[in-house]
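Written below as structure tokens is the structure these notes are about.
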Amino acid sequence: MSISTLLRRRRKQAEQFFDREPASRVARGAAFLDEKAPGWEKRINTQILDVADPAVCVVGQIYGGWERGLRKMELNESPYVFTFNHGFQDPSDTAEWIKLINKRDLARST
């Protein structure tokens, strides 16, 4: 079996662990935070929110830094897989987080 065939198989196997939809990743992340850090959305400044920046990402804003947040969340699985599948890592998730937070703010104010 060639190396390229092996790599394609490994990539296909790995893809089953990753959620490709930002909305579902962010919903999963929000549900996790609702349990671990109730009221978390009130602590997020959406004007500076950037999932790609560990200082101002969702985890960074809640816990005072990306690495500190990972420790406090006490993950039971690979941090890489968890953070990706919960909308804490992919830059394309920033817009989804802002939509979700704005929706919650609107619901709270009505």
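The values are calculated or read from the model by the stated rules, or taken from the named source; none is laboratory data. In this text, all values refer to a predicted model and were calculated from it rather than measured experimentally. When we count neighbours, we look across all protein chains shown, and the Cβ atoms used for this are built from the backbone with ideal geometry, even at glycine.
Out of 59, 51, report the one residue that is hydrophobic (A, V, I, L, M, F, W, C), buried (at least 18 other Cβ atoms within 10 Å of the Cβ) and part of a loop (DSSP other than H, G, I, E, B).
Of the residues listed, the single one that is hydrophobic (A, V, I, L, M, F, W, C), buried (at least 18 other Cβ atoms within 10 Å of the Cβ) and part of a loop (DSSP other than H, G, I, E, B) is 51.
Considering only residues that are within 13 Å of the chain's Cα centre (by Cα) and among the acidic types (Asp, Glu), look in segment 7-33 and name the one that is modelled with the highest pLDDT. Quick ask: steps written out before the conclusion?
Filtering segment 7-33 down to residues within 13 Å of the chain's Cα centre (by Cα) leaves 18-33.
If we keep only those that are among the acidic types (Asp, Glu) as well, we get 19, 21.
On the way: 19: 69, 21: 87.
Checked segment 7-33; the qualifying residue modelled with the highest pLDDT is 21.
Of (1) in contact with a Gly (Cβ under 6 Å, 6 or more places away or on another chain); (2) at pLDDT below 90; (3) of a type in the set (Ser, Thr, Tyr), residue 80 satisfies all except one. Which?
For residue 80, the exception is condition (1).
Out of 88, 82, which single residue is free of Cβ contacts under 8 Å to residues at least 40 places away in the same chain, surrounded by 14 or more Cβ atoms within 10 Å (Cβ to Cβ) and out of contact with any Phe, Trp or Tyr (no Cβ under 6 Å at 6 or more places or on another chain)?
None of the other options fit; the residue is 82.
On the basis of being at pLDDT 90 or above, more than 12 Å from residue 94 (Cα to Cα) and surrounded by fewer than 11 Cβ atoms within 10 Å (Cβ to Cβ), does residue 38 make the cut?
Yes, satisfied.
Name the one entry in 71, 108 that is more than 13 Å from the chain's Cα centre (by Cα), within 13 Å of residue 41 (Cβ to Cβ), basic (Lys, Arg) and part of a helix (DSSP H, G or I).
108
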